[in-house]
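The values are calculated or read from the model by the stated rules, or taken from the named source; none is laboratory data. Keep in mind it's a predicted model, so treat the numbers as computed, not measured. No Cβ is skipped: glycine too gets one built from the backbone with ideal geometry, and neighbour counts run over all protein chains shown. We work out accessible area using only protein heavy atoms, side chains counted, and drop any ligands, DNA or RNA first. Shrake-Rupley method; radii C 1.70, N 1.55, O 1.52, S 1.80 Å.
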Amino acid sequence: MKKMKGMRWWMVGLVTLGLIVNYLARNTLSVAAPTMMTDLNFDKQEYSYIVVAWQVCYALMQPIAGYVLDAVGTKIGFAVFALAWSVACACAAFSTGWKSMAFFRGLLGLTEAAGIPAGVKATTEWFPPKERSVAIGWFNIGSSIGALCAPPLVVWTILHGGWRISFVVVGAIGVVWTLLWVLFYKHPRDQQKLTDAERYFILSGQDDRPQDKVAKASWKQIVKSRNFWSVAIPRFLSEPAWQTFNAWIPLYMATERHMDLKEIAAFAWLPFLAADIGCVLGGYLSPIIHKRFKVSVFASRKWVVGIGAVCMIAPGCVGLVASPYTAILLLCIGGFAHQTLSGALYSITSDVFGRHEVATATGLAGMSGYLGATLFTLLFGIAVTQVGFSPLFGVLAVFDLLAAVVVWLMVRERGPQPPLGITPSATTAQS
């Protein structure tokens, strides 16, 4: 069989497509909200309950999804969850009010929870530590592309068939991706098209233990570790920003900046385009800082977290500007900032936890993040009618700065792993 160079980048591309579909499904709600709320006759506070239903189910399921992925493997686990979230997304078309919509979005949260843990696990399987921040940046871009694609796609389907069709179309896209995942994803040890040089490059520096002989991840041991809380607390503080952007930007543009549906389609995707840039640039910032300032790779991750947190000050100032276009610019800086920070946190997680426990640790930290997002969304749904959007965006900026402080004070680098007993056919892999 003909070998392919750079197979690891094809695999991360497949993961990225999965994250695009994952975030497209979750962002369909926010874009359809102005039309759907009028049709089903519910208000902003009831809309916040729908968002919370998704967030609570997502938060509670993340550690379970991570554990399942560590137990059954990335390929099977991700496929099952992806098919389930596609069906759950399509079922939202049958909603008759905010309660039924909350039920279907809760099902979506339960099934979508595997997305990020699966991405981190696949990246850990396919990339050595020194390349993971770049790889995670590329797969994490899927979350922003999905949110970016939602406004034009959902608005187009609303204009041509109604908001219910939007959920069905996105669900069908998820089924197609699931088939592609089952057909093409393989672990490095099973990928016959992988060159020997690239296989060695991927496996060098990883745990010198066959996966089936490694004890399964223990939630208790993970939760007791200092490094878990050094990631979980920042997730709790920073995740509300991203969930607010995903769930509330279209409504903010419609109610606070008085934009119509076509203007929302034209501008609501821009913060997520900026988030795409943050995903990729944030991934490359770590090795750039490592080489330029002569700090360790691990320390460079903390620098990236700090840069992202400082940039989050921009959306905190959104209430100080009169122009809606300047407000969108500040939200764009916020999208860039959060994804830069978020990608660095995922890289730190992959650095401080072994490959047999990284999905579980990512899921548990994700649960912490979404619990923070849920509490903030409940506050947001009540406070937005009292004080407006602007003070709440300011609070999000403070949260991200606190998250960076926690990372700098708490996280500790994991000890070196034993080298693999593999004789390479070449010392480096071709990209």
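Worth pointing out:
- Pick from segment 181-240, criterion under 27 Å from residue 305 (Cα atoms) and hydroxyl-bearing (Ser, Thr, Tyr), ranking: modelled with the lowest pLDDT: 204
- Hey, residue 7 over 30 Å from residue 94 (Cβ atoms) and at pLDDT below 85 or not: no
- Any hit, segment 397-412, residues being modelled with pLDDT under 85 and among the basic types (Lys, Arg): no
- Residues that are surrounded by fewer than 24 Cβ atoms within 10 Å (Cβ to Cβ), over 18 Å from the mean Cα position of the chain (by Cα) and at pLDDT 85 or above, drawn from segment 131-154: 152, 153
Residue-by-condition table, conditions (1) open to solvent by less than 10 Å² (accessible area, probe 1.4 Å); (2) in contact with a strand residue (DSSP E or B) (Cβ under 7 Å, 6 or more places away or on another chain); (3) on the phi > 0 side of the Ramachandran plot:
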| site | (1), (2), (3) |
| --- | --- |
| 13 | no, no, no |
| 18 | yes, no, no |
| 22 | yes, no, no |
| 25 | yes, no, no |
| 30 | yes, no, no |
| 36 | yes, no, no |
| 41 | no, no, yes |
